[in-house]
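Written out below as structure tokens is the structure these notes cover.
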Amino acid sequence: MKSFIYNGQPARVVFGAGSLQHLAREIDALGAKKALVLSTPEQQASAEMVANLLGSRAAGVFARAVMHVPIETARVALDMARVLGADCAVAIGGGSTTGLGKAIALDSGLPILAIPTTYAGSEMTPIYGITEAGMKKTGRDPRVVPRVVIYDPELTLGLPLAMSVTSGINAIAHAAEGLYATDSNPVMNLMAKEGMAAIARALPAIKEVANDLQARSDALYGAWLCGTVLGNVGMALHHKLCHTLGGSFNLPHAETHTIVLPHSLAYNAAAAPDAMRVIAEALGGSSAAQAVFDLAKNNGAPTALKDIGMHEVDLDKAAGIAMQNQYPNPRPLERVALRQLLQDAFDGVRPNR
Ligand SMILES: NC(=O)c1ccc[n+]([C@@H]2O[C@H](COP(=O)([O-])OP(=O)(O)OC[C@H]3O[C@@H](n4cnc5c(N)ncnc54)[C@H](O)[C@@H]3O)[C@@H](O)[C@H]2O)c1
């Protein structure tokens, strides 16, 4: 076994159907008295429901979270927290809402309690992203890790199928790249395998019956494990490519991960055979790249960048940006092969290995 360093993240996890009922207890355990509840405009009703549940422990609702965390939004939310005397924030929603909570925590040190309703996994990571003057800055800071995470699968019953599948494969991407991270460790490898397997068995069941609570529990459990991997070890080619495609070409986050992952895995396949074997086993296939592609296609997710707003003329530019910053990856970054990877993702071809 190779030598490793393992850093546990300090978050407390409360998991299970109906666990939202423990919210007030968890606020008390944090030593907090009043929570500002955060959500997107689309999930305002959920935020109001949470505020009602909190009763006198609710300071108010800020339902203006949006993608990429504009710094202006974070400032307005923090001002509102101060005016209302909030001493913690509750973020109910996906990665965009958790991201707003993180921006508030970074600036103010307010403790965040996250209630994830997608499988993006941001709640388990010290990674934050804030957009200022059109540029998204990302960084790592332990202060942004939510102090408590309540995973209640009942809150995900209404996550639309398309978003469930792409968000689930977004989570699988964290685990898959964690397996070949230069700073990987055996604990994260266990979590990665278990997390991918839980999501791979959940998605077809959710496709059959959207409100299958057992399948929703499996998916959220997998999201927790995969998010933990993302928070603990470094990501490689796949995450950097998706960051480029999202940031420079404004492609949607989870869909981009879903489409690119099979091709990133095919690119790295020969250089990381042990990781590929684990991914294929977890997904019940014989090839990691093909198993991810099939999971997406069989469950109705997009498989081609051309179908989510990418323009073919931009593929050269994307390859150029991806080559600019070198970073650890099992296979060195080769421009011609990277350009071909992007072409395959653009066309949506099934990887041939
Ligand atoms: N910092 C990190 O570690 C990290 C990790 C993963 C993702 N992210 C960031 O998170 C963002 C993407 O997050 P996301 O994929 O969760 O999407 P999102 O948070 O942007 O949510 C997309 C939409 O789905 C809605 N939604 C969420 N849960 C729902 C539910 N259960 N039912 C119905 N609608 C629901 C949201 O309100 C929103 O309108 C990206 O900006 C990405 O960069 C950050």
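In this structure, residue 246 does satisfy being within 11 Å of the ligand (Cβ to nearest atom) and modelled with pLDDT under 95.
In segment 74-87, the count of residues that are modelled with pLDDT of 95 or more, in contact with a strand residue (DSSP E or B) (Cβ under 9 Å, 6 or more places away or on another chain) and assigned to a strand (DSSP E or B) is zero.
Going by the structure shown, is residue 97 in a helix (DSSP H, G or I), touching a residue at least 24 places away in the same chain (Cβ under 8 Å), near the ligand (Cβ under 8 Å from one of its atoms) and in the same structural domain as residue 38 (by TED's automatic domain parsing)?
Yes: the conditions hold for residue 97.
For segment 292-300, check the following and say yes or no: at least one residue is farther than 17 Å from residue 168 by Cα, under 19 Å from the mean Cα position of the chain (by Cα) and outside the structural domain of residue 122 (by TED's automatic domain parsing). Taking every residue of segment 292-300 in turn, none turns out to be farther than 17 Å from residue 168 by Cα, under 19 Å from the mean Cα position of the chain (by Cα) and outside the structural domain of residue 122 (by TED's automatic domain parsing). Taking the criterion of being surrounded by fewer than 16 Cβ atoms within 10 Å (Cβ to Cβ), outside any loop (DSSP other than H, G, I, E, B) and in contact (Cβ under 8 Å) with a residue 40 or more places away in the chain, the residues of segment 246-289 that qualify are 248, 270, 271, 274, 281. Within segment 146-180, restricting attention to residues that are of a type in the set (Gly, Ala, Ser), surrounded by 23 or more Cβ atoms within 10 Å (Cβ to Cβ) and more than 10 Å from the ligand (Cβ to nearest atom), the residue that is nearest to residue 257 (Cα to Cα) is 168. Put simply, of 302, 332 the only residue that is without any contact (Cβ under 8 Å) to a residue 12 or more places away in the chain and of a type outside the set (A, V, I, L, M, F, W, C) is 332. When segment 50-67 is limited to residues that are assigned to a strand (DSSP E or B) and within 16 Å of the ligand (Cβ to nearest atom), the one that is nearest to the chain's Cα centre (by Cα) turns out to be 62.
The values are calculated or read from the model by the stated rules, or taken from the named source; none is laboratory data. None of the values given here were measured: they were computed from a predicted structure. For neighbour counting, all protein chains shown are included, and Cβ atoms are generated from backbone atoms with ideal geometry for every residue, glycine included.
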